[in-house]
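Q: Can you keep this structure in mind? I'll have questions shortly.
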Amino acid sequence: MNIKDLELTEFVTKPVTVAPSTSLLKTREILLQKKVKRVIVTEKNYPIGVITEKDIAKKIYDLGTKPIKLVKAKNFKLKTLYTLSKENSVKECARLMKKHRISLVIILNKDKTLAGIVTKTNLATAFLTKRSDSTLVSKVMKTNVITAAPSDPILFVESLLLKYGISRIIIKRNQKPVGVITFRDFVPAKIPQWIAESADPKEVQEYKFKKGLTETHANQMNYLFPFHATDIMSTNPITVNKGDEVEVAITKMLKYNISGLPVLNNSRLVGIITKSDIVRTLAN
């Protein structure tokens, strides 16, 4: 049977859940302890929301003068929940993820209670374990890579994440990747909280969502804080070569619990391959 036609049953996993009354600090702690990228907010086992690392990072900036300890899970803006059943196929799930640019589909029981979740990681695992033929990284990767320099302010880096709706920024020096910054890097840091306490929230928001950000804009904001990409980036990024098989890339993603890899050709950055690219392949 074609991998795309398989039912989701064997790929459903149990999510980490929190109650609506769970605090922001506790939710953040759970994300870090469990090493997960999201938690499901449930009430009597009915899913009512999702909170991601990205939500945590954004919420800290939005607090203004409100004490962080007072923010609860229920205070997060609820997202549209995209759901399927275990009987739906891998292809149907991949198409739903691709269409709505989401990384998680909630799986419901017949009574609409939470049965589990399917993530991009689950579909990448399915691709790795169930696919019989091989595909080269060069056939799946994207060549348009959003990058930043090691000296760029972290607020500028985060603005790129938000502007382009991506999950990671490759930090590049002399055409070589030297680091990666994702929203996960903002969650454990004191930096976002420091900015929220020290900067004018309106000024920060205006900067973050400003269109056509330039180096000049970044320099204008330097007075707000001394932090740069090098302060929070993950160094020595895991990479894959353009001529490798996709299975090699997926294996590295799963081994190191990451969602994307810089693609190299003769040690130079030429692209990026992510779990979203794997999902797109399964959706077609």
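Q: Along the Cα-to-C-beta direction of residue 113, a point sits 7 Å from the Cα; which residues of segment 39-57 have their amide N less than 13 Å from that point?
A: It comes to 43-47, nothing else.
Q: What nm distance separates the two modelled labels at residue 81 and residue 163, each placed 7 Å from Cα along Cα→Cβ?
A: The two pseudo-label positions are separated by 3.5 nm.
Q: Quick one: net charge of residue 18's neighbours, Cβ under 13 Å, K/R +1, D/E -1? Kindly include the intermediate steps, with their values, before the conclusion.
A: Values: positive: 26, 28, 34, 38, 72, 74; negative: 29, 43, 55.
Its environment carries a net charge of +3.
Q: Sort 52, 80 by Cβ crowding within 10 Å, fewest neighbours at the top. It would help to have the intermediate numbers written out before the result.
A: Values: 52 21, 80 8.
Exposure proxy ranking, most exposed first: 80, 52.
Q: May I pose another question? Could you compute the FRET efficiency for residue 30 and residue 255, with r as their C-beta to C-beta distance and R0 at 22 Å, rounded to 0.05?
A: After rounding to 0.05, the efficiency reads 0.40.
Q: Going down the table (26/252; 34/252; 172/255; 4/139; 4/120), which pairs top 25 Å between alpha carbons? If you can, show how the numbers build up before the last one.
A: Working: 26/252 30 Å; 34/252 20 Å; 172/255 23 Å; 4/139 18 Å; 4/120 14 Å.
Cα-Cα > 25 Å for 26/252; rest within.
Q: How large is the translational diffusion coefficient of segment 3-130 in µm² per second when you combine the Kirkwood radius over alpha carbon pairs with Stokes-Einstein at 37 °C and 0.692 mPa s?
A: D, rounded to a whole number, is 213 µm²/s.
Every read-out reported here was derived from the displayed coordinates using simple, explicitly stated rules and does not represent laboratory data. Computed from a predicted structure; not experimentally measured. With ideal geometry, Cβ positions are generated from the backbone for all residues, glycine too; neighbour counts draw on all protein chains shown.
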